[in-house]
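Peer 1: Next up is a structure, given as structure tokens.
The values are calculated or read from the model by the stated rules, or taken from the named source; none is laboratory data. Quick caveat, the model's predicted, so the values are computed rather than measured. Cβ sites come from the backbone with ideal geometry, for glycine too, and all protein chains shown count toward neighbours.
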Amino acid sequence: MLRIFTLVVTIVFLINSNVFSEKNNNESENPVLIVIPVEGTVNASMAAFISRAIHESEKYPERILIFEIDTYGGEVNSAFQIVDTIVSIDVPTMAYVKTKAISAGALIALSCNELVMKKSTTIGDVAPLTYSNDGPKMLGEKFQSPIRAKFRTLAKRNGYPELLTEAMVSSEISAYEVKFSDTTVYMDSTQLSELSTGKKKQIISSKNVVRKGELLTMDDIEANQFGFSRMSVNDMEEMITKIGYKSSEVIKIESNWSEKFAGLIGSIAPVLIAIGLASLYIELRSPGFGVPGIIGIICLGLVFSAQYMVGLAAHTEILLLGLGIVLLGIELLVLPGFGVAGFAGISLIIAGIVLSFQDFVIPKPEFPWQKKEMIENLTMVTGSLAGSIVLIMLFFRFVFPRLGAVINGPYLQANLQDARVDSGLKQNVNVGDTGIVTSVLRPSGKARFNELLYDVVSEGDFIDSGTEIEIKKISGTKIVVSRKTV
């Protein structure tokens, strides 16, 4: 009886063990497939999205990350950030080229463990470019060298041909496909010429696959032949079937509203900066706090919030902007003329905005594109500043003089609305008399004529203290002035 009981327990244990083992095997054979789109321009917004998507995928212990690529490239700094994020994760990764993986897109694709391409798609051409009035121009060896080094590292890591990855970056490389009886290797002209006589005799065939002066760009068939792509497929569903995960759950992570918002704001950031700075200046030049101040805060707030969402702007950049505005306000409202406070304020504003568009403070020599990126950001911000000056001039020339007809603001009405021609107050001034402004006209204030102080109003302009003016019109007790013309 005891033997029978022992036999039954053993059989039950073996059955349960097999079921458990089979269950574990099924789970390991069917990981969750996480699809992460890599579409559009490679920039800080894309880097933030991919980082968030990878972090979100961690709730699935058994997973494969598939990066669905369709991009012409973009910022080198953002591409390096994305690549570093991908190679740092300890899960299988696969790049699926949906349409194209050009420039920075190719760098991202080759950072994955495996590459699969849809039929008739392309990958390659990673030469760093700059744009001028003469069109695109390839940057030199200083820029190409660190990018080639990155490609070599990825090629060694994932088993791609090193020389051909470098041929995507530099047009000076001439690559040959050399076939021996047992292997196929890729060599440049120097390596081929330096082969020993015995080794040269073992060559079955050699073919120049990348000519000097050309950049390597491959279609799906060539990428497969050269050892980059695992296969060519009609769509992702076919790829999933061929790699043996047809029964796996497929989850596609899309960008959320904040990432889309950050991308939109980034595309119109120069305009928002110009409007924001102009509005804040107008507010500082106006009494009280009103619509221009609100508009300025909203515009700059949108820019900084978008940069904060993609991980570029932080408390330091916001502090620099705020301190710059405070110093500029002190210069305009407290200190006469324009000096150190005003210059420091403008400098801090520019520095805060520039730093919010890059993930570094000082460009590193080993990453020469960082200097180029900083110059581009500085050019964009100074251009926005120039645009804000134009907006300010247009506002005070065409908009401000008409505000009195629309808004019953504080402009003179509190003091002059009951003024009458026959009030009996004798004015010891006449049209054409000249004087000096003693308090800033915004547009009302005080001026000295014939050693006496008078309440005056400008013709819509703000006139600084100490400016020489002349009387244009006298209506009762209302004295209208303008800057003295030479």
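Peer 1: Among the residues of segment 51-67, is there at least one that is closer than 14 Å to L110 by Cα and in a helix (DSSP H, G or I)?
Peer 2: no
Peer 1: What helices (runs of 4 or more DSSP H), lying completely within segment 264-335, carry at least 1 residues that are in contact (Cβ under 8 Å) with a residue 60 or more places away in the chain and touching a Cys at 6+ places or on another chain (Cβ under 7 Å)?
Peer 2: Output list reads 269-284.
Peer 1: If only one of G311, G266 is assigned by TED's automatic domain parsing to the domain that holds F395, at positive phi and either in contact with a helix residue (DSSP H, G or I) (Cβ under 7 Å, 6 or more places away or on another chain) or at pLDDT 95 or above (or both), which one is it?
Peer 2: Exactly one of G311, G266 is assigned by TED's automatic domain parsing to the domain that holds F395, at positive phi and either in contact with a helix residue (DSSP H, G or I) (Cβ under 7 Å, 6 or more places away or on another chain) or at pLDDT 95 or above (or both), namely G311.
Peer 1: Return yes or no: is D125 closer than 20 Å to E162 by Cβ, within 23 Å of the chain's Cα centre (by Cα) and without any contact (Cβ under 8 Å) to a residue 40 or more places away in the chain?
Peer 2: Judged against the criteria, D125 is not a match.
Peer 1: For F357, state whether it is of a type outside the set (D, E), in a loop (DSSP other than H, G, I, E, B) and surrounded by 20 or more Cβ atoms within 10 Å (Cβ to Cβ).
Peer 2: yes
Peer 1: Hey, can you tell me all the residues within segment 64-83 that are modelled with pLDDT of 95 or more and either outside the structural domain of T122 (by TED's automatic domain parsing) or surrounded by fewer than 20 Cβ atoms within 10 Å (Cβ to Cβ) (or both)?
Peer 2: Within segment 64-83, E68, D70 meet the criteria.
Peer 1: Does at least one position in segment 360-367 carry a residue that is in a loop (DSSP other than H, G, I, E, B), touching a residue at least 60 places away in the same chain (Cβ under 8 Å), buried (at least 16 other Cβ atoms within 10 Å of the Cβ) and hydrophobic (A, V, I, L, M, F, W, C)?
Peer 2: yes
Peer 1: If I ask for residues that are hydrophobic (A, V, I, L, M, F, W, C), in a strand (DSSP E or B) and touching a Ser or Thr at 6+ places or on another chain (Cβ under 7 Å), which ones from segment 31-50 would you list?
Peer 2: Across segment 31-50, the qualifying residues are V32, L33, I34, V38, V42.
Peer 1: If you don't mind, another one. Which residues, taken from segment 240-259, are assigned to a helix (DSSP H, G or I) and under 33 Å from the mean Cα position of the chain (by Cα)?
Peer 2: W257, S258, E259
So that you can scan it fast, the table gives a plain yes or no per residue for (1) under 25 Å from G266 (Cβ atoms); (2) modelled with pLDDT of 55 or more; (3) not hydroxyl-bearing (S, T, Y):
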| position | (1), (2), (3) |
| --- | --- |
| V361 | yes, yes, yes |
| L378 | yes, yes, yes |
| G387 | yes, yes, yes |
| M393 | no, yes, yes |
| V399 | no, yes, yes |
| A419 | no, no, yes |
| L425 | no, no, yes |
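Peer 1: Something else: Mind telling me which of the residues N415, N430 ends up being more than 30 Å from E317 (Cα to Cα), assigned to a loop (DSSP other than H, G, I, E, B) and at pLDDT below 90?
Peer 2: Sole residue among the options that is more than 30 Å from E317 (Cα to Cα), assigned to a loop (DSSP other than H, G, I, E, B) and at pLDDT below 90: N430.
Peer 1: Could you count how many residues in segment 278-320 are of a type in the set (D, E, K, R) and under 16 Å from the mean Cα position of the chain (by Cα)?
Peer 2: Selection size over segment 278-320: 1.
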